[in-house]
Amino acid sequence: MAPVAINDFDSSDDTTLDEKLEKLLRTHLDLNISRSSFSKNLHTGADPAGLKILPASSRSRLEADGVDLSKGYPKIPDRTKIPVYLDEAFAIRNEDYPYIERGANADPEKKALFSAATEVKDLTKHIGTEIVGLQLQDLTDKQKDELALLVEERGVVFFRDQKLSPKKQLELGHYWGQVEVHPQTPQVPGLPGETVIWVDYGRANGSEITFKNADLSNWDATKFKAKGNNTWHTDLVHEHQPSGITHLHLDAIPDVGGDTIWSSGYAAYDKLSEEFKRFLDGKKAVYVSAHAYLDRADPFGGAKRIERTFPIVRTHPATGWKFLFVNRSMTKRIIGLTPVESDLVLNYLFNVYEKNADIQVRFKWGPAKPGYGASAIWDNRSTQHRTVWDHEGLDPRHGTRVTSLAEIPYFDPKSKSQREALGLPIAKED
């Protein structure tokens, strides 16, 4: 990268220092702020180069929905509109907005949803259900409510062989809550909030994910920067009202590999001893954004992340169950503990989520019928997830994701754990 010289600043410009820095960061091609390490190479707007490597199945789905690909794909956010300073980023969606918990008043037996399916099968005891013979684009509002409740009870629900347009996917997201429009990530042209999930595109633009480094951040996310989405995480924990239901639809699926794994926060909480549960109940932690920004008061002090404070054990508004709300990528510290104590406790909690195979489900996306894709719809509150990059980009993998934001996190001391609520055995330690 070419060094930034003092003459890059306009001496005749009488604006403030932070205005000069912002202008420099937005216009200097060798500088990058608040985006991934490779994305400084990307121009603003629809990318003609991306269209050249777009999988045929993905292109067919987009074109069938009337998405304008004439200028390229995907659409890269306008660099002039990406926040540079921390206060700007913090102010995005920093006010309460009405949220309707669609699953709260749904039929507990889910008769409308289940009667339309040919098969409903739980993939593991604690997390993950697959619904067969039902098309997401045909759901009634009653079925959408019942699906929301099923997702919130089972963590993640899968649908194969889906003929689902991007617009229908976005419409479904709007039904479940305010759709998050990400200021940094590539989007489907003309569909704000329809985020593109496409590691192959990142690799074509300088991302350095390899077989050896893809998972390093799962050992220590503070030392090893995440490559792709392979680190255990929960999306958008820095939001004033963090993510609720997220829907990923893959329209290009590797023949083998590219799976995704989810882990249950309900079950992770119930893995803890009763004494440790009592210790954590009511505690709060600091959660940070994935992207970093400059502090206007200390612009040369290094990049800073948005921070929010939420309960480390949350109560779900639909199920009423307690769940463990931590993730290795974005949980910074527990309030009230020393840094050493906080790190010890958090690393143990991360391991509870990540290392207990009996509270996880691994989904193999394919195979799919020609012209069809697969969908995973999960509760970003009460689960963690990660991808598996074992196909190493040898087969194309492309999808679109829509995330609906939910409630302000809260803890109800009268709420029960999942096992308590369901009457399942709870081991008592001596």
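Say whether the condition of being under 21 Å from ALA406 (Cβ atoms), part of a strand (DSSP E or B) and touching a residue at least 12 places away in the same chain (Cβ under 8 Å) is met by at least one residue in region 367-375. Within region 367-375 (the criterion being under 21 Å from ALA406 (Cβ atoms), part of a strand (DSSP E or B) and touching a residue at least 12 places away in the same chain (Cβ under 8 Å)), the answer is yes, since at least one residue qualifies. Here the condition is being under 17 Å from THR246 (Cβ atoms), surrounded by fewer than 23 Cβ atoms within 10 Å (Cβ to Cβ), touching a residue at least 40 places away in the same chain (Cβ under 8 Å) and not β-branched (Val, Ile, Thr); of GLY193, GLY177, it holds for GLY193 alone.
Condition check: at pLDDT 90 or above and closer than 19 Å to LEU250 by Cα. Does LEU149 satisfy that? In short, no. Looking at SER115, is it part of a helix (DSSP H, G or I) and under 22 Å from the mean Cα position of the chain (by Cα)? No: the conditions fail for SER115. Select from region 64-76 the residues that are under 26 Å from the mean Cα position of the chain (by Cα) and not in a loop (DSSP other than H, G, I, E, B) and write down the one among them that is farthest from LEU250 (Cα to Cα). Restricting to residues being under 26 Å from the mean Cα position of the chain (by Cα) and not in a loop (DSSP other than H, G, I, E, B), the top hit is ILE76. Listed by first and then second residue, the pairs with beta-carbon distance under 6 Å, at least 6 apart or on different chains, first residue in region 143-159 and more than 18 Å from LEU405 (Cα to Cα) and touching a residue at least 60 places away in the same chain (Cβ under 8 Å), second in a loop (DSSP other than H, G, I, E, B) and basic (Lys, Arg), form an empty list. Inside region 274-301, residues that are among the acidic types (Asp, Glu) and crowded, with 18+ Cβ neighbours inside 10 Å make up a count of 0.
Residues in region 131-145 that are surrounded by fewer than 19 Cβ atoms within 10 Å (Cβ to Cβ) and farther than 13 Å from ALA112 by Cα: VAL132, GLY133, GLN135, GLN137. Looking at the structure I just gave you, is ILE359 β-branched (Val, Ile, Thr), touching a Lys or Arg at 6+ places or on another chain (Cβ under 6 Å), touching a residue at least 60 places away in the same chain (Cβ under 8 Å) and within 18 Å of LYS271 (Cβ to Cβ)? Considered against the rule, which asks whether it is β-branched (Val, Ile, Thr), touching a Lys or Arg at 6+ places or on another chain (Cβ under 6 Å), touching a residue at least 60 places away in the same chain (Cβ under 8 Å) and within 18 Å of LYS271 (Cβ to Cβ), ILE359 comes out as no. Taking the numbered list (1) surrounded by 14 or more Cβ atoms within 10 Å (Cβ to Cβ); (2) over 29 Å from TRP219 (Cβ atoms); (3) modelled with pLDDT under 95 in turn, SER375 passes all entries but (3). Scanning region 325-344 for residues that are under 17 Å from GLY244 (Cβ atoms) and in a strand (DSSP E or B) yields a total of 0. In summary, helices (runs of 4 or more DSSP H) completely within region 183-292 and bearing 3 or more residues that are at pLDDT 95 or above occur at 265-270, 274-280. Could you please find all residues in region 59-97 being farther than 22 Å from THR44 by Cα, surrounded by fewer than 21 Cβ atoms within 10 Å (Cβ to Cβ) and in contact (Cβ under 8 Å) with a residue 60 or more places away in the chain? The answer is SER60, ALA64, ASP65, ASP87, PHE90, ARG93, ASN94, GLU95, ASP96, TYR97.
The values are calculated or read from the model by the stated rules, or taken from the named source; none is laboratory data. If you're wondering where the values come from, they're calculated on a predicted model, not measured in any experiment. So basically every Cβ, Gly included, is an ideal-geometry build from the backbone, and we count neighbours across all protein chains shown.
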